[in-house]
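First up is the structure itself, then whatever we jot down about it.
Nothing in this text is a laboratory measurement; each read-out follows from the coordinates by a stated rule. Quick caveat, the model's predicted, so the values are computed rather than measured. Using ideal geometry, Cβ is built from the backbone for each residue, glycine included, and neighbour counts are taken over all protein chains shown.
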Amino acid sequence: MSVVGTRKIATMDDFLLRALLGGLGVALVAGPFGSFVVWRRLAYFGDTLAHSALLGVALGFILHINLTLGIFIICQILAILLFISQYQRQLASDTLLGIFSHGALSLGLVALAFMDNVRIDLVSYLFGDILAIGYDDLYWIYGAGGVALLGLVWIWKPLLSITIHEDLARVEGLPVDRINWLFLGLIALIVAIMMKVVGMLLVTALLIIPAATARRFANTPESMALIAMVIGALSVGLGLWGSFEYDTPSGPTIVVAGCILFIGSILLPRRH
Amino acid sequence: MLAINKDNNSQPLLTLSNVNLQISGRSLLESVDLQLKPGEIVTVVGPNGAGKTTLLRVALGLQKPTSGKVEKAKDVTIGYVPQKLHIDPTFPITVRRFLALAKGHDKTKFVPLLKNVGAEHVIDSPLQGLSGGELQRVLMARALMREPDILVLDEPVQGVDVHGQVELYDLISRVRTERGCAILMVSHDLHLVMASTDRVFCLNKHICCSGTPEVVVNDPAYTALFGPYAARHLAFYVHDKEHQHDHEHHHECCGNEEDSNNG
């Protein structure tokens, strides 16, 4: 009895620890990227990438590869398509994003419906399943997340210049297109790893809510990114706790925690 | 005035020859010729939609012309002063940091440069909180940090009150005198800009007339383009189909009426 009991507690602790580690990892990556998503008004772009995730899951099943890798591949393809199509002038960019976003989401559902031998838990893909995070997920989160952060640090300064004025950056000789490509590619990478924690419908929330909350406390781009990391981590911690305490779905609870922090930050009196 | 080189024989820094631009079947620029020589101030004027900003983008190398050539002399550095910035209010950035983002910046130059353009008091202000005139000065400081041979300004006095406009044009003239850099700017304002420019190009997709301000304002093509506009200070113009095409050396109207009316 006692042996079973301790093992049960050990497993319990283990999956909680994995959930917390995974959630924190994702929050740390989401902070700086989310700041750029807010500055460059790319929220809808992030949504569009995330909505293609089911298509990535289908691809993963077809090719018998890791599902996160499948999601990553599809997100990359979509990012490239979106990047190319921004040069056309027929459709407004939000119309185009809407088509891609809902098209990819529906295509993913249809593709999965065709696979008779595949049964997926749709809700866990839509809203995340942080408690099911395994060790391989942690490797993905920390490996890919670390690569994404390093990449972002590498292009940080030129990316800030581009965010202020793209043409000015071009005239000053920055390789604007190459940096934009790289940035969108990195976003596609982190969307794929964030899926596990908050699910495809809430990925953008975890990107933009901590960043928007951090704005009140930041006076440089760097401080905003760092504060967004902390606020994201707080949201994950609070959300996980709330999810246990009140037996609520973890992904949405993390987002609710983020929203509470955001509202709190608005209600705080301004320092100046 | 030693820095100013008005010698007509000096090599142009920037030459646009027979530049045409069509985008999705729409003609935006038609056989545009333009030369910029060291130390001169050239202003492109024209009504809204005449292609002024497009012409600047072509000159800056941001937009490839459909046909024609854009040639830059060797080792010419261009400083670009955009009309405005579209920065999200959530982006925490001060003027100091903005200057520090310039490629090859030198921190010790920030204060002298801002003083030079009359904007040292905003060095620690957020970029989004600047007035139109302050922003233009800050953008000029950033452009001047590159020690440019050519300063390109896109409607530098847009949204600035008349007093501020005079000050900005004075500043632009002073920058030219002090640094000897050539200046290429576009404007839809007519009165003030004429006082501080060496040559004027009237643009309405094609160059309608060009020359010194005195020559241009007496040109029938200029009157045709700006007569009602200048008189009533409204942003519209009546294209006089009957206007005289005078092909003398200073002013030539290229492009034909059908084209400019279709576009």
Only Lys, Arg (+1) and Asp, Glu (-1) charged, at Cβ; the protein assembly as shown dipole about Cα centre in debye:
1360 debye
Please give the FRET efficiency for B:GLU178 paired with B:GLN128, using the beta carbon to beta carbon distance and R0 = 35 Å, rounded to the nearest 0.05.
0.75
Top of A:GLY145, A:GLY23, A:GLY103 by mean-square fluctuation, Gaussian network on chain A, Cα under 10 Å:
A:GLY103
Suppose every Lys and Arg Cβ carries +1 and every Asp and Glu Cβ carries -1, with no other charges. What dipole size does chain A come out with about its Cα centre, to the nearest 20 debye?
540 debye
Please name whichever of A:GLY145, A:VAL191, A:ILE266 sits farthest to the positive end of the charge dipole of chain A, dipole taken about the Cα centre and charges placed at Cβ: Lys and Arg +1, Asp and Glu -1.
A:ILE266
When Lys and Arg each count +1 and Asp and Glu each count -1, what net charge do the other residues less than 14 Å away from B:LYS109, Cβ to Cβ, add up to?
+4
Counting alpha carbon pairs within less than 8 Å and at least 6 residues apart, what relative contact order, in whole percent, applies to chain A?
31 percent
Beyond 26 Å (Cα-Cα) in this structure, taken from B:LYS37/B:LYS64; B:LYS64/B:LYS205; A:LYS157/B:LYS69, we find A:LYS157/B:LYS69
Regarding chain A, what's the average projected area of the Cα-atom convex hull, expressed in nm²?
17.3 nm²
As a Kirkwood estimate from alpha-carbon pairs, the stretch A:126-272 has a hydrodynamic radius in angstrom of 16.6 Å
Given N residues in the protein assembly as shown, what is its alpha carbon radius of gyration divided by 2.2 N^0.38 Å?
1.19
Using distinct alpha-carbon pairs, which all enter the 1/r mean, Kirkwood radius of the stretch B:93-162 in Å
12.2 Å
In cubic angstrom per residue, the convex hull of the stretch B:114-218 built on its Cα atoms measures 112 Å³
At what distance in nm do the modelled label points of A:ARG178 and A:PHE114 sit from each other, each positioned 7 Å from its Cα along Cα→Cβ?
3.9 nm
Would you be so kind as to identify which of B:LEU135, B:PHE110, B:THR94 lies farthest towards the positive end of the dipole of the stretch B:87-147, taking Lys and Arg as +1 and Asp and Glu as -1 on Cβ and the Cα centre as origin?
B:PHE110
Please say if the stretch B:4-116 is rounded, prolate or oblate, where rounded means a/c under 1.5 for a ≥ b ≥ c the square roots of the C-alpha gyration tensor eigenvalues, and otherwise the choice is prolate for a/b larger than b/c and oblate otherwise?
oblate
How far is it, in nm, from the label point at A:ILE263 to the one at A:TYR135 when both lie 7 Å from their Cα along the line to the Cβ?
4.2 nm
For the peptides A:155-161, A:172-178, what is the packing order when you average, over each peptide's residues, the other Cβ atoms within 10 Å and list the highest mean first?
A:155-161, A:172-178
Dipole of the protein assembly as shown, positive direction: furthest Cα of B:PRO12, A:GLY128, A:GLY237, with charges on the beta-carbon:
A:GLY237
Set of aspartates and glutamates near B:LYS84 by C-alpha distance (under 20 Å), chain-local residues within fewer than 8 positions excluded
A:GLU166, A:ASP167, A:GLU172, B:GLU120, B:ASP124, B:GLU134, B:ASP154, B:GLU155, B:ASP161, B:GLU167, B:ASP170, B:ASP189
Cα radius of gyration and Dmax for the stretch B:77-118 (Å)
11.7, 32
How many nm separate the modelled label positions at B:ARG26 and A:ILE99, each set 7 Å beyond the Cα in the direction of the Cβ?
1.9 nm
Shielding by partners for B:98-106, please: the mean number of other protein chain Cβ atoms within 10 Å of each residue's Cβ.
3
